[in-house]
């Protein structure tokens, strides 16, 4: 994510560790061949910074550069027209451009942005990301005794990094237990489109034989609408691949077959470069891969 230094610290060093905090777990990725993934529970009543520090000592990853991934519940994302100011003035202008759309005073928010893909005939737009400054400060404090905070990025951009710089439109369907389905479209390394698809919780809560009769038909319809928007409004090429990262309770074969039959493009499960690792590690894995300016 490019923009204000509140989120990113530019550096030439190589990141070896990424971490994401959820209410009762920490997810950790350590670069390597293959990378190492750790799902660390946070015991009831324990402080997550204490658990984090203990985990870094246990894994012997002290004094590393760390990328923190914010889960979707930990930030707000807004789409706005690009303010008509020089690039160097954008960081100062953005908080005031979003002040009517946030529930917290903008002076208490860390604000960053990335460019939106827009219709070539439309005015440029930005995706503005904000999170309380206190959240960033909490991470800095939690890491200061064991490592160094290199940057903070959001889960959607971490997932985008999984696809590299391919000159074709890649779509990702991503869903974890108790979460709504997320659809992302990536083109040439850029997040072009993201949409939360509600009403598809049975995909991760029920075995396929118990899915409601219209569930997959409704999903195909919503995806087709999104694909049409990519081509007709954003003027992108047709979708080339569909990637599925859904923690289904049984085989995902029915979903894959339905997607392939309906859209007629290659459809596959996302794979992660480590044994015994599942879809919940994809954001921290992507964070290791994300290229950053210096």
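Values quoted throughout were computed directly from the atomic coordinates according to the rules given, and no laboratory measurement underlies them. Treat the numbers as computed from the prediction; the structure is a model and nothing was measured. Here the Cβ positions follow ideal geometry from the backbone for every residue, glycine too, while neighbour counts run over all protein chains shown.
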Residue 99 to residue 241: extension gain in nm, 0.36 nm per residue of separation minus the Cα-Cα distance?
47.3 nm
What value in Å³ per residue do you get for the convex hull of the alpha-carbon atoms in region 165-263?
92
At the level of C-alpha centres, the distance separating region 96-144 and region 196-233, in angstrom, is 29
Mind ranking 100-109, 234-243, 261-270 by how tightly packed they are, going by the mean number of other C-beta atoms within 10 angstrom, highest first?
234-243, 261-270, 100-109
Out of all DSSP beta bridges in region 13-159, what portion is antiparallel? Express it as a percent rounded to 5.
70
Distant alpha-carbon pairs in region 8-124 (separation over 22 angstrom), percent:
54
Which of 130, 192 has the fewest Cβ neighbours within 10 Å, and the rest in rising order:
192, 130
Please give the contour-minus-distance gain from residue 40 to residue 73: 0.36 nm per residue of separation, less the Cα-Cα distance, rounded to one decimal in nm.
10.0 nm
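Report, for region 165-263, the % of DSSP beta bridges that are antiparallel, rounded to 5.
On the way: 12 of 19 bridges.
For region 165-263, the DSSP antiparallel bridge percentage is about 65.
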Once residue 168 and residue 201 are pulled to full extension, the length gained, defined as 0.36 nm per residue separation minus their Cα-Cα distance, is 9.0 nm
